[in-house]
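Please treat every number below as a calculation from the coordinates, not as lab data. Computed from a prediction, not measured in an experiment: that's the story for all the values here. Because the Cβ atoms are built from the backbone with ideal geometry, glycine has one as well, and the counts that use them run over all protein chains shown.
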Amino acid sequence: MSPDAINQKLVDQYTEIARLAGGLAHEIKNPLSTIRLNMELLAEDFRDGDAPRERRAMRKIDLVQQECQRLQDLLDGFLDFAKLRQLKIEPTDLNAQVRQVLDFFRPKAEEDRIEIVDYLSSDLATVLIDRKSFHGALLNLVLNAQQAMPDGGQLLIRTYNTAHGVALDLIDTGCGMDVEAQTHAFDAFYSTKRGGSGLGLATTRKIVEAHGGQIALQSEVGRGTWFTISLPVPRRLPGDGVRLALPAS
Ligand SMILES: Nc1ncnc2c1ncn2[C@@H]1O[C@H](COP(=O)(O)OP(=O)(O)OP(=O)(O)O)[C@@H](O)[C@H]1O
Ligand SMILES: [Mg+2]
């Protein structure tokens, strides 16, 4: 078998596994919502009880509800990651996308004493992206930065033109990552956080790569982390709303 044929076989196998895993995740969601609903009903029965037995039961119900929520988040994250869908590619001002994400994040940043600094290029080239996916990709990075700075810090975002397209740097002054974390940060299900699904960066990378871009990271423990997203810029811009089918991984 030629190397190309072997490669294609692996891609086919991967696609089939991803399809089955996506189906399994869907199947798990239905019984999970039945469990959640019944836990909610049980909680209503026990919530106002004063007897020690009722209070003990309520604590256990709370625990099961928390774990159900965790499973639900995990499944939602996985389905987002595994989703094979058509991207709605549109000519877009990346700065506007960044501003939207920062506006969403600002109240939380203030609460956590995180200073946001942005340097958005005033002559940034237009990119072709699926805005909704990209919003999610940026949000994952910003949320990670926030979680890395529990005692406050600075989040710097800048955009600029490069020789091949445009780039976006997102730099935080958070806890940073050791070599092990840097090596595995983009792996699906790799997480150092309690309750983390480890799908945030894997999903972000998948989205960036589906747009023909790249994402890189540099980090130092105790100093912070620096992500760079590079995106190609088309020579000619198609009309609004052009739809391209992009691969899932
Ligand atoms: N800005 C950052 N600073 C320090 N560590 C980071 C940063 N971003 C990511 N990491 C590390 O990379 C790991 C993977 O990140 P990822 O976003 O994929 O998952 P998560 O944040 O743990 O969970 P999820 O995003 O699914 O809730 C994190 O657990 C953390 O160890
Ligand atoms: Mg994350």
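If you add up the charges near Gln69, with Lys and Arg at +1 and Asp and Glu at -1, over every other residue whose beta carbon is less than 12 angstrom from its beta carbon, what do you get?
In short, -3.
Rounded to the nearest 0.05, what FRET efficiency do Ile6 and Gln214 have when you use their Cβ-Cβ distance and R0 = 25 Å?
Efficiency, rounded to the nearest 0.05: 0.50.
Kindly put Tyr190, Tyr119 in sequence by how many other C-beta atoms sit within 10 Å of each C-beta, fewest to most.
Tyr119, Tyr190
Full-extension gain between Glu115 and Ala96, please, as 0.36 nm times their residue separation minus the C-alpha to C-alpha distance.
Length gained between Glu115 and Ala96: 4.9 nm.
Which angle from 0 to 90°, rounded to the nearest 10, does the C-alpha axis of helix 3-46 make with the longest principal axis of the chain?
The two axes meet at around 30 degrees.
By how many nm would the segment from Ala43 to Arg106 grow when fully extended, if each residue of separation counts as 0.36 nm and the alpha-carbon distance is taken off?
Going from the current span to full extension adds 19.2 nm.
For Ser33 and Thr183 in the same chain, what is the full-extension length gain: residue separation times 0.36 nm, less their Cα-Cα distance, in nm?
50.4 nm
I'd like to compare 65-75, 123-133: which one has the highest average count of other Cβ atoms within 10 Å, and what's the full order after that?
123-133, 65-75
What are the aspartates and glutamates whose alpha-carbon lies under 19 Å from the alpha-carbon of Lys29, with same-chain residues fewer than 8 places away excluded?
Straight-distance partners of Lys29: Glu40, Glu67, Asp73, Asp76, Asp80.
Convert each backbone phi in segment 197-213 into a coupling constant with the Karplus relation 6.51 cos²θ - 1.76 cosθ + 1.60 (shift: θ = phi - 60°), then list the ³J(HN,Hα) values in order as whole Hz, x for Gly and Pro.
8, x, 10, x, 6, 4, 5, 4, 5, 4, 5, 4, 5, 5, 9, x, x
At 222 nm, what helix-only mean residue ellipticity would the chain give, in deg cm²/dmol to the nearest 500, using -39500 (n - 2.57) for each DSSP H run of four or more?
Result for the chain: -18000 deg cm²/dmol, rounded to the nearest 500.
As I understand it, the value is the acute angle between the Cα axis of helix 131-148 and the longest principal axis of the Cα atoms of the chain; what does it come to in degrees, rounded to 10?
Once rounded, the angle reads 60 degrees.
Arrange Lys9, Lys206 by Cβ neighbour counts within 10 Å, fewest through most, would you?
Taking fewest neighbouring Cβ atoms as first place, the list is Lys9, Lys206.
For Ile116, what residues show an amide H to amide H distance below 5 Å, using hydrogens built from the backbone and excluding near sequence neighbours?
Here Leu155 satisfy the definition.
Of the listed peptides 141-149, 221-229, what is their order by residue-averaged count of other C-beta atoms within 10 Å, with the highest listed first?
Result, highest mean Cβ count within 10 Å first: 141-149, 221-229.
Let's test the formula: R0 of 25 Å, r as the Cβ-Cβ distance of Arg70 and Arg19. What FRET efficiency results, to the nearest 0.05?
With a Förster radius of 25 Å, E is 0.50.
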